[in-house]
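Working notes, structure below.
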Amino acid sequence: MITSQPIEPLYISTGQPADGKNKFFPRDKIINLIWRKLKGGEDLLLTAPRRVGKSSILHSIKKNPHDGYIVKYLSIMGVDNSNIYFKNIYNALLEDDEIYGFWKSFKEKRKLEAENAKEKISSIGVEGVGLEGAIKTDYYEKTTELLKSLPKETKKVVFLLDEFPETLSNISQYSHQEAIKFLQDNRDLRQLNHDADIQFVITGSIGLGNVVKKITDNKHLTNDLKLIEIPPLDNEEASLMIDRLCAGLKEDGISLIFSDEVKEHLFEKIVQNIPYYIMMIMDALGDEIAESTVTNELIDKTIDKITKSRSNADYFSNWKTRLKGAFEKKEEMIVIEILSHISKHEKMAYQEMKQIDSEIDLKALIEVLEYDGYISEQGEFYSFNSPLLKSWWSHRVAE
């Protein structure tokens with residue numbers, strides 16, 4: 001007699017990226033695709049709407065490296081200086097005994113070179129060779145020198161760079177020229193994978209292409225990155241996720257029963273099966289009831305309560321606040337007007353948007369909103385991806 005395997009519990013995590021065996025819902029298809037491309041020698045750019053789980057996927061890859069790989073995860077959102085960025089990469093390389101062991105001899109070589117140049121060494125450490133006087137350490141140069149010097153028998157190094165577009169945007173606010181050089185240095189560093197076993201996976205909460213477009217017309221600086229889109233869950237994956245979340249809630253004495261019909265209703269209501277939204281709904285259901293057969297009406301009531309609840313205000317208001325960082329003031333006002341119109345009227349045609357301001361680069365604005373998961377095109381009209389965000393926007397932003 002064949003017995004079905006028990007469903008492994010999944011615990012609700014709506015704060016930090018879902019990290020760990022019973023918090024992260026495995027995305028085997030996309031993770032396998034990422035590894036296949038890495039083994040083919042590609043550098044990757046991951047794109048997805050917000051809250052699809054990009055960071056959680058990166059954490060899973062970091063914790064489960066394939067044989068022969070060293071995986072480094074860096075969240076660099078707050079970095080606004082290219083030298084600090086490359087210092088983070090340099091120091092991350094030296095965290096591994098295999099690379100650090102080689103670096104000891106590399107360090108001695110640098111020391112000898114400095115002595116030959118009659119430069120007095122003041123200190124030697126993982127921060128690099130410090131020389132007396134106001135000599136600035138160039139961490140891009142140190143990183144490339146280290147990578148070029150690594151013996152071929154070392155493992156391949158994969159850097160997972162989370163929030164890379166934000167770093168580029170931060171740097172560009174100080175200097176467009178420095179931002180262009182930053183892009184060029186990163187491209188040159190990626191090209192080292194022909195000489196050194198290093199690869200990069202880049203992702204972020206805003207579109208890299210849109211940030212680059214504001215800085216330079218030179219598409220050559222990023223066209224070596226292989227684009228991989230991370231989709232929402234399909235209905236089969238989302239159904240399993242609900243079952244596992246129910247198993248997790250049951251351990252806390254909360255018993256929720258979902259029929260296939262109710263699951264389908266939930267999927268229709270949220271439109272895109274974003275893991276975060278599913279967890280948010282399941283969490284709200286668990287807060288309200290200890291035991292229940294979930295109905296369509298209960299789903300509708302819960303979704304309405306989520307969008308009107310003050311406890312979720314910070315999450316939803318962040319969608320509005322972050323527009324300040326993505327757009328100039330005039331652009332921001334136009335985007336808010338567009339989103340407010342859609343929230344009240346369900347949809348909006350491109351020509352209607354164009355009438356707001358005929359001189360604005362509307363296509364560029366829409367690209368940002370589409371990439372970041374606010375809206376998508378359906379036929380000739382644009383509508384919100386998330387009914388939850390649409391409902392909140394209608395109640396809290398639109399007049």
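If only residues of segment 215-232 that are outside any loop (DSSP other than H, G, I, E, B) and out of contact with any Leu (no Cβ under 9 Å at 6 or more places or on another chain) are counted, the one that is nearest to Arg50 (Cα to Cα) is Lys219. The set of residues from segment 268-283 being free of Cβ contacts under 8 Å to residues at least 60 places away in the same chain, in a helix (DSSP H, G or I) and crowded, with 18+ Cβ neighbours inside 10 Å comprises Ile278, Ile281.
Can you tell me how many residues within segment 285-296 are farther than 16 Å from Pro387 by Cα and assigned to a helix (DSSP H, G or I)? Qualifying residue count, segment 285-296: 4. Counting only helices (runs of 4 or more DSSP H) that fall entirely inside segment 339-399 and contain at least 3 residues that are free of Cβ contacts under 8 Å to residues at least 24 places away in the same chain, the qualifying elements are 350-354, 362-371. Selection of segment 215-240 for residues being of a type in the set (Ser, Thr, Tyr) and assigned by TED's automatic domain parsing to the domain that holds His66 yields Thr216, Thr222. Condition first: basic (Lys, Arg) and in contact with a helix residue (DSSP H, G or I) (Cβ under 8 Å, 6 or more places away or on another chain). Can you find one or more residues in segment 296-306 that meet it? Within segment 296-306, one or more residues are basic (Lys, Arg) and in contact with a helix residue (DSSP H, G or I) (Cβ under 8 Å, 6 or more places away or on another chain).
Within segment 310-332, track down each residue that is under 24 Å from Ile171 (Cα atoms) and part of a helix (DSSP H, G or I). The answer is Asn318, Trp319, Lys320, Thr321, Leu323, Lys324, Gly325, Ala326, Lys329, Lys330, Glu331, Glu332. Listed by position, the strands (runs of 3 or more DSSP E) inside segment 97-214 whose residues that are at pLDDT 90 or above and in the same structural domain as Gly40 (by TED's automatic domain parsing) number at least 2 are 156-162, 198-203.
The values are calculated or read from the model by the stated rules, or taken from the named source; none is laboratory data. Quick caveat, the model's predicted, so the values are computed rather than measured. Virtual Cβ from ideal backbone geometry, glycine too; neighbours counted across all protein chains shown.
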